[in-house]
Every structure is written in structure tokens, then in C-alpha cells.
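Reviewing the structure listed below.
The values are calculated or read from the model by the stated rules, or taken from the named source; none is laboratory data. Since the model is a prediction, treat every value here as computed from it, not as a measurement. A quick note on method: Cβ atoms are made from the backbone with ideal geometry, for glycine too, and the neighbour counts reach across all protein chains shown. Note: areas computed on protein heavy atoms with side chains; ligands, DNA, RNA excluded. Shrake-Rupley method; radii C 1.70, N 1.55, O 1.52, S 1.80 Å.
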Amino acid sequence: MPASPISTTLKPPGGLSPPPSGAVGPTIQLPPWLSKAKDAITSTRQWHKLVREIQSRVAKDLAQRGLKFSDLNPYEQQALVEQVHSDLTREDHDIVGNFEKALNGVCDTEMAAEVRRVAPAEDDAEGNAGKAGSGTGEANVANEPGTDPAEALTSASKIVSVATTAVISLLEQLPPEHRALTRLMLGQPFPEPLRPKAWALSLKHASARKEYEETLARRRVDTISTMDVQITQECQSFLQTPIGGASIYTRRRLMMMKSTLSYHHTLMMQRGEGATTLPQRVMFLITPVVYVYTGGRNPGQELAPKEEAEFLVTLIEAWECMVRDDFGVNTFKDGEEYASLARGGGLDQAAPGWAKLLRDTLKEADPKLFKHLLNCIQNLPPDPSGTAAHNLDPEDEAAHLASLMGPSISRCLVDILSLPACLYLYDQSLMSTFSNMVPRAAAVTLSCLSPSLMSCTTFDAALEVVQAQAPDLPLPLLQSAMEKHALPAARAALGLPRTSMSVDASFMGREDDEVLAQVLSRMDALADVSGGRLRNWVSNPPTAKERKREKKSRVVDKIEKVKEERGKGGGEDTVEETEVEEKVEKEVEKEVE
């Protein structure tokens, strides 16, 4: 079929391709409050003005091309509308600004209503009682006997939870090519409430899921490895060994991990791989996935048998999606073997891509450490000046560095990093690929350990420093170093801008954030003004009587506040007090409007 006359000028936003996921259609419905907000915003005059302006510009653009909207295919129609909207945004057009204000008002109000709806009555009462102390109306449940403060839900955390669910449901409604826009967050760790759903959004593989379900339905024993007992024992031993000082073992995690790997081993046997053993690297690779899917720091209890079986299907789908070639995990599956050959000098092949990426990243990040490590790995005398020539070509340099970091790279650094750092690295890898991210992260880890590594003079000493000190690297330090030394090039490889779209503090749950404060204050204001009824002021404005009552209430409150500040009680009005009242009335009138 010949290309449409407009197809050559309309491209996907930012030239992004969808992340590899084997994704299927949306499975998460919009939360009721978000559907309500959608209906509310599309009934506002600001929305209708924006739509009319876009329609006008689209019609003008098509007229100049001699086309009708129906001449375009669905992709071209969508691309043209998005292009026109982008033009309006770049122009800082008033129509766009007014719509965004209306949108913020609708979402803030509906979110406030949802948070109040899900908050228990006693929580709300305690929050009102504690306003004077907290300034945010949060429930003081952390002080209740037997309540873990870390698990006490504040108003802010409820807002984050509600927003997180909304974000994921919106992402699921998008076509796969638009889900790639999450890559603009590259460099940012997913907020903890968002992480399991964000990972689940990426780790979808319809054919892998179908394959397991059909095998299970046909003959359940075919999903269980002949080495099931041994795999169970290995999983238990592995989970009971702390990762970066953190113990994550639970009985449920053990059962989920061993069931997933038992099935995975049957697939390996069918392909003629690992008929007698399960590679230890898979234990490392699967651990963060099992940890996140089973609740992270707050692991849940076992579900009912039917629900637990469905959960296992989802976990197996996620794991099989991750280890298949799309995410690049298998590009360094032989990292340990290659490192051993490189260390023994038995290489007669070109360095693999991951080793070259490790070399290039470290050389650019820390040239002095790069030279020192090459000498150190070869057990050569130290070079304090850092200027001595080592007479190695780039292939040999990559091989030497791979001999040090190859085993850890094959395990996605789970064997050396702390659990938070591992989760951060998985966040980045699932937004891009493991092959694009893990070797860079390995080089950055070395650069973070530079002060200690620079004092090493042998390979064994350098390896000991990596194994002993990498688990203690703080996540903020690693994240900052990744942003400086690795992520610009990683984004360039994906065709992204060189800087990250920051996840603001409201997403991270910081209670002093302006956005959180705005929603929290709206919760209180709406309850006060409308007698507890939370209406949406943009699409369903209050009546004249309600506005008058609101104005009177605000005036009285402000005047009392001014009097308190001036140290005055009641008594006869003075000229000064009358002026204050008039001034306050004008301010309130403006606020109400």
C-alpha cells in the first residue's frame, strides 16, 4: 500500500520505540474517581475551547495539504492532533494554560474526595485533632499502641497511593508506543508504591503466559522440574542469605521463587540447556522480581489457593519476559565463564559488547582509575602519576576489566549491590534494557569505590574491595554517579534527551511538597465550605447561596485572625478595624472568584 501523503511529516513523539514487553491490551480499569474527573473536565468550557482551537488548526493544516481528516489512517490522525497540541503548548497559548488550571482543579478535587472516602472515619477524626501539631491534618495513628509507625498511613501517603494507581491505569490505556514515554523518567527510581505496577506493565509476555497456562492445563507435572527438590533447597538457602545486609526470606517468597524456577528449568531442558543443573545466576536475577511482586518491604500473606495460582501465572510471565532476549539479560549470561577465560589468558575471541561498554564507561568516568585498575588486574607495579603506557589495545582492556566485573555483570550486580540499589538498577533496566544499563552501572560502581581501589595493587585486593564495599554504597551516591557518568550516553542510545524528566517530590511522598499541601488543604476547604459534601468546583460550581456563605465564613475567620495578630479582642469597631474588614472582604472576594 502506498504511503499516505502526510505520513512522511508525522512521526512518533521523540522517535521513541515501545519498550520490549510482549504487551497486550489494557487490563487495569480507570479508578472510579479518575473516570469521574475525566467526565468533569470534558464538561468544562476550558476543554471545549481547547478542542475547538485544535479542530480549527487541524482543519487549516489539512486544507493547506488538500486533504480531509478521513483521508488519514488512525495513526496519522492521532499524530496530527498531538502535533497541533504540541504547537499550542510551545506557544504558551492562553487556551492551554486555562485548560491546565481547570484540569488541576478537577484532579485535585476528585483526588481529595477519593482520599477522604478511603480514609477510615477514626483516622479522619484524629487527623483533624492533630492539625495544630502537623499542619497537614494527618492522622496520628503512628502513636496508637501496637501500630508500626512505618506502616501508618498519613494523608500524604494516601494521596501518593491514589495517584500511583491512577498513573498506572492511565499508562495501561495508552498504546504501546506511548508507554515508551516512561523512558523519559530514566535515571529516577520508581516510588515504592508505583514499582510493582510499573514493573508489571513492562514485564508482560502474552505468548509466555499462554504457553505456561496451556502446559498447566494439559499436564501439571510438566511444569515441575525433575530437580524440583534441589531447586527448592537452593532457593531457600539463597533467600535466607541477606542481600546487601537485607534479609527477604518468607515462606511465600520461597514457594513462588522455586515454582517459577522449576518451570523455567523444564523449558531449559526442552531447549537442551542445563539438563543437569540450574545456573546460579538465575537465583540472583529473579530475586528482585520476587521481592517486588510479593510486596517489597511489606510482604503479604498467602492468598486463597485460586488467587495464589493466578498470582504465580503473573510472576512466571514476568520472569520469562525478563529473561528472553528483548531485555538483553542473556547478552552477558556467559559473563562468569568469559571472566575466567580472560583471567587465565585463554581468550582467542573479540571482547563481547558488554565488556566494551564497561571499558568505555569507566574510561570516560574516571580515566585515572581506569589506568590504575588495568595495572592492578595485571598485578603490575602501581603508577602514581597515572601516565605509564600499559601497551594494551581496547579489546584487551575490555577483557581485563571483564575479568574483574564479569561474574557480577552476569548477575545484574545483585551479588554486590544493596537491595535498594538493585531495585534502582532494575527500574532503569526495565525502562531501557539490561544490556544498555548493567555494564554502565558496573563501571559507575567502580568509580564510586575509587578511593579504596586506588590503594589496591593486585587483582585479588581489587576484587575484595568491590565485594566488601559495594553493598554499602548509598543509593543517592550511586544515582548521582549514574546521572553524571552513565545515563547521558544510555539515553542517547535510546534516542532520548540527555537529561531526565524528574519525578517530583509529590510522587515520592514528601509531605512538605507544594502539590501535596494543595490537595490536603483542598480536602479541608471543601469539607468546611460545602458541609462535608465534596463537589467539583470546576464542572459543578457551588450555588450563589453557598458562595455567599463561604465568603462570609472566610471574612469572619480572617478578621479574627488579624485581630489576634494585633493583640485586640472584641469591643467597639474602630476606623482601623473597619478598614481592615473592607480590605479583607476585597481579598476574600478575589479568592472566591
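So here's what we get for this one:
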quantity: Links that overshoot a 25 Å alpha carbon limit, given the list Lys197/Lys363; Lys38/Lys101; Lys258/Lys306; Lys204/Lys363; Lys49/Lys101; calculated: Lys197/Lys363; Lys204/Lys363
quantity: Ranked packing of 206-216, 424-434, most packed first, by mean Cβ within 10 Å; calculated: 424-434, 206-216
quantity: Trypsin sites (Lys or Arg not before Pro) lying in DSSP loop within segment 28-122, provided at most 11 other Cβ fall within 10 Å; calculated: Lys68
quantity: Distant-in-sequence amide H partners of Ile243 (H built 1.01 Å from N, under 5 Å); calculated: Ile248
quantity: Sequence of Thr445, Thr457 when ordered by accessible area, the most exposed leading, probe 1.4 angstrom; calculated: Thr457, Thr445
quantity: At R0 = 41 Å, FRET efficiency that the Cβ-Cβ distance of Glu565 and Tyr249 yields, to 0.05; calculated: 0.10
quantity: Highest to lowest packing among 557-565, 470-478, scored as the average C-beta count within 10 Å; calculated: 470-478, 557-565
quantity: Glu464-Ala59 pseudo-label distance in nm [points 7 Å out on the Cα-to-Cβ vector]; calculated: 7.9
quantity: Pair Val221, Lys484: separation of 7 Å Cα→Cβ label points (nm); calculated: 6.0
quantity: C-alpha center-to-center spacing [segment 192-223, segment 295-313] in angstrom; calculated: 14
quantity: Contour excess over end-to-end distance, with Cα ends at Asp334 and Val81 and 0.36 nm allotted per residue; calculated: 86.3 nm
quantity: Percent carbon-and-sulfur accessible area, segment 266-381, ignoring ligands, DNA and RNA, probe 1.4 Å; calculated: 49
